[in-house]
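The values are calculated or read from the model by the stated rules, or taken from the named source; none is laboratory data. Keep in mind that what you see is a predicted model, and the values were worked out from it rather than measured. FYI the Cβ positions are ideal-geometry reconstructions off the backbone, even for glycines, and counts take in every protein chain you see.
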Amino acid sequence: MKLTATEIEIAEILEKDARLTNEDLAKMTNLSIDQTSAIVKKLEEENVIVRYVSLVDWTKIDGHQGVTAMIDVKVTPKRDVGFNNVAERIYRHREVKSVYLMSGTYDLSVVVEGQSVNEVAHFVSQKLSTIDGVISTTTHFVLKKYKHDGTVYNQDDKDNRIVVSP
Amino acid sequence: MELKTTYLAKHVRDLKPSGIRKFFDATAGMKDVISLGVGEPDFVTPWNVREAAILSLEDGYTSYTANAGLPELREEIAKYMERDFCVTYHPESEITVTVGASEAIDIALRAILDPGDEVLVVEPCFVSYAPLVTLAGGVPVIVQALKENDFKVRAWQLENAVTERTKAIMICSPNNPTGAMLSKAEMGKIADVVKKHDLLVLSDEIYAELVYDELYTSFAAIEGMREHTILVSGFSKDLAMTGWRLGFVCAPAEITEGMLKIHQYAIMCASTMAQHAGIEGLKNGRTDVAEMRKSYRQRRNFIVRSLNEMGLACHNPEGAFYTFPSIESTGLNSEQFAKKLLQAERVVVVPGDAFGSVGEGYVRCSYATSMAQLQEAMTRIRRFMENL
């Protein structure tokens, strides 16, 4: 799909901050509100903008349990469908947050979230490794999130500049 | 014996303190202030540039450099000027690395001015121009860029101000505080005036990278102007390196030699670690500059339309990160407006007359601040306008 420079710019702006209103977008791109609304609608309808989400730092919330694991999965590709069938059988699971086909020493990178290490272990041993075509899995638990999707967690946004300068 | 009443030299006593200083003091101790009064980027210097400085310290590069700056840095500056601005300068004889563009302006003026020489200073402008001319023994002759021309000076205005004593014209485009950029056509006409009277242009091109609609033209790139131009630039604005104090000045060899004499006696050389950072900035910092430019452009569009909607008329600034709205509709003068806005809504703007009397009736709003802060600032100013 070919998009105009302005359409791309609006996608970029919304990727950074999805809460900007059409009015703000219109001002930032020097368009009318109608024009921006139409572009946003188009981006949504064409599934260029897939979904609007928030980045939540769950570690801030007391008593919130939860672990994230990144699992390297080796797969025997199947004739005609390659890795797609196995990938699909993996991503259908609710616990699976992301699935990527990778170059390198393994094939699929799977991100799984669960309430506890046990829950993830259960998923890997009972669900993931039993899928036809999965040869092996290597599970890495995330210990701390420093930066996610371009955003640094716990960043000190303090402005060090003097208040007035020439 | 009677004590002297003051040890200060007369010409220093006579210097007016910057109008900006006064405003800074007024904000002391205030909380929840949003400042649109800052003349520097809100970005932090890109990490690769900071890392280059750290590595240079680790490698022990802590001594002086050549007076004119590290040869590698001057070579990178020469390449950059040629690639991005189509002007060729010899790294060994025509480029001097300075402590910010401010020092570059200072040594340029001191190098070219005999006592009583006149310099046409186009206002509104950066606060240091006229005082630096005075300190260099020259006489600043103010030429006011007119509001009806969106604060872009016209060649005929300069022509009318030229006398036997005129030595140079100081121009900053894109401009601090107005953001206005001269058109190529007008620059050509100004160049004709310069050549006709055999003058110099001291061209402050510190905002050359922060241009949003048209291509930038350097004065030195205009035909026949290279020999009449002292081109001042630096790393502060485009690479968000204000605190590093790193600038440079390009000029024909004879002028460079003169400036270098002053620079070597007064400064020795620019900070060594900053120079190492500068090399990295020129080599690998251009993507960051492009990202920042894009972000400034969006914010400029946002603030210009927001201000116009609430009755603070402002032209569309082609570059830098300032807007210069008229506050005429409020019936207040610049200082009253800025003070009342600070007291009522805790938003800092700089009174326009701090940049020359022609700026009276205007305020400078910097949009080098985050979108979230800008949105909040616009909400507050709108409320301020409604309650006036």
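If only residues of the stretch A:1-10 that are surrounded by fewer than 18 Cβ atoms within 10 Å (Cβ to Cβ) and in contact (Cβ under 8 Å) with a residue 24 or more places away in the chain are counted, the one that is nearest to the other protein chains (Cβ to nearest Cβ) is A:THR6. Within the stretch B:302-321, restricting attention to residues that are among the charged types (D, E, K, R) and part of a helix (DSSP H, G or I), the residue that is farthest from the other protein chains (Cβ to nearest Cβ) is B:GLU309.
Starting from residues that are in a helix (DSSP H, G or I) and more than 10 Å from every other protein chain (Cβ to nearest Cβ), keep the ones in the stretch A:11-34 and report whichever is farthest from B:MET371 (Cα to Cα). Applying the filter and picking the extreme gives A:ASP34. Within the stretch B:147-186, the only residue that satisfies the criterion of being assigned to a strand (DSSP E or B) and either basic (Lys, Arg) or surrounded by fewer than 17 Cβ atoms within 10 Å (Cβ to Cβ) (or both) is B:LYS167.
Cβ-Cβ contacts under 7 Å between residues 6 or more apart (or on different chains), taken from a first residue in the stretch B:230-255 that is over 20 Å from B:ASN48 (Cβ atoms) and touching a residue at least 12 places away in the same chain (Cβ under 8 Å) to a second residue that is among the acidic types (Asp, Glu) and surrounded by fewer than 23 Cβ atoms within 10 Å (Cβ to Cβ), are listed as B:PRO252/B:GLU227. Take the stretch B:351-386 and flag every residue that is among the hydrophobic types (A, V, I, L, M, F, W, C) and out of contact with any Pro (no Cβ under 7 Å at 6 or more places or on another chain). B:ALA354, B:MET371, B:ALA372, B:LEU374, B:ALA377, B:MET378, B:ILE381, B:PHE384, B:MET385, listed by residue number. A:MET70 meets all of the listed conditions (1) surrounded by fewer than 11 Cβ atoms within 10 Å (Cβ to Cβ); (2) not in a loop (DSSP other than H, G, I, E, B) but one, namely (1). Residues in the stretch B:156-174 that are more than 19 Å from the chain's Cα centre (by Cα) and touching a residue at least 40 places away in the same chain (Cβ under 8 Å): B:ALA161, B:VAL162, B:THR163, B:ARG165, B:THR166, B:LYS167. Within the stretch B:71-95, the set of residues being in a loop (DSSP other than H, G, I, E, B) and touching a strand residue (DSSP E or B) at 6+ places or on another chain (Cβ under 9 Å) comprises B:VAL87, B:TYR89, B:GLU94. Please count how many residues of the stretch B:329-355 are within 21 Å of B:ASP25 (Cβ to Cβ), not basic (Lys, Arg) and not in a helix (DSSP H, G or I). The qualifying residues number 7.
Scoring B:ALA290 on the criteria (1) facing chain A (nearest Cβ under 10 Å); (2) within 22 Å of A:ALA5 (Cβ to Cβ) leaves a single failure, condition (1). The condition of being surrounded by fewer than 22 Cβ atoms within 10 Å (Cβ to Cβ), away from chain A (no Cβ under 14 Å) and polar (S, T, N, Q) does not hold for B:THR379. Return the residue satisfying two criteria in turn: it lies in the stretch B:128-146 and is in contact with a strand residue (DSSP E or B) (Cβ under 7 Å, 6 or more places away or on another chain) and within 14 Å of chain A (Cβ to nearest Cβ), and of such residues it is surrounded by the most Cβ atoms within 10 Å (Cβ to Cβ). My answer is B:TYR129.
Considering the stretch B:19-28, and only residues there that are more than 19 Å from B:GLY359 (Cα to Cα) and more than 7 Å from chain A (Cβ to nearest Cβ), the residue that is surrounded by the fewest Cβ atoms within 10 Å (Cβ to Cβ) turns out to be B:ALA28. Candidates B:VAL99, B:VAL87, B:VAL38: the one that is touching a residue at least 60 places away in the same chain (Cβ under 8 Å) and within 14 Å of chain A (Cβ to nearest Cβ) is B:VAL38. In this structure, B:TYR362 does not qualify as under 30 Å from B:VAL289 (Cβ atoms) and either at pLDDT below 95 or within 13 Å of another protein chain (Cβ to nearest Cβ) (or both).
Conditions (1) more than 9 Å from chain A (Cβ to nearest Cβ); (2) surrounded by 18 or more Cβ atoms within 10 Å (Cβ to Cβ), marked per residue:
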| position | (1), (2) |
| --- | --- |
| B:THR5 | yes, no |
| B:LEU8 | yes, no |
| B:HIS11 | yes, no |
| B:MET30 | no, no |
| B:VAL33 | no, no |
| B:ASP42 | no, yes |
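In the stretch A:53-71, the residues that are at positive phi reach residues that are surrounded by fewer than 12 Cβ atoms within 10 Å (Cβ to Cβ) with C-beta atoms within less than 6 angstrom, at least six apart or across chains, in these pairs: A:GLY66/A:TRP58. Residues that are of a type in the set (Val, Ile, Thr) and either farther than 30 Å from A:GLU113 by Cβ or outside any helix (DSSP H, G or I) (or both) within the stretch A:44-60 comprise A:VAL48, A:ILE49, A:VAL50, A:VAL53, A:VAL56, listed in sequence order. Which of the residues spanning the stretch B:240-268 are over 13 Å from B:ILE77 (Cβ atoms) and crowded, with 24+ Cβ neighbours inside 10 Å? Matches in the stretch B:240-268: B:MET241, B:TRP244, B:MET259, B:HIS263.
Take the residues in the stretch B:135-155 that are without any contact (Cβ under 8 Å) to a residue 60 or more places away in the chain and in contact with a Gly (Cβ under 9 Å, 6 or more places away or on another chain); name whichever of them is farthest from B:LEU8 (Cα to Cα). So the residue we want is B:ALA155. Against the condition part of a helix (DSSP H, G or I) and surrounded by 13 or more Cβ atoms within 10 Å (Cβ to Cβ), how does A:LYS41 come out, does it pass? No; evaluated as a whole, the condition is false for this residue. Taking each residue of the stretch B:259-287 that is in a loop (DSSP other than H, G, I, E, B) and looking for partners that are basic (Lys, Arg) with beta-carbon atoms closer than 8 Å, six or more apart or interchain, yields B:ALA270/B:ARG245; B:SER271/B:ARG245.
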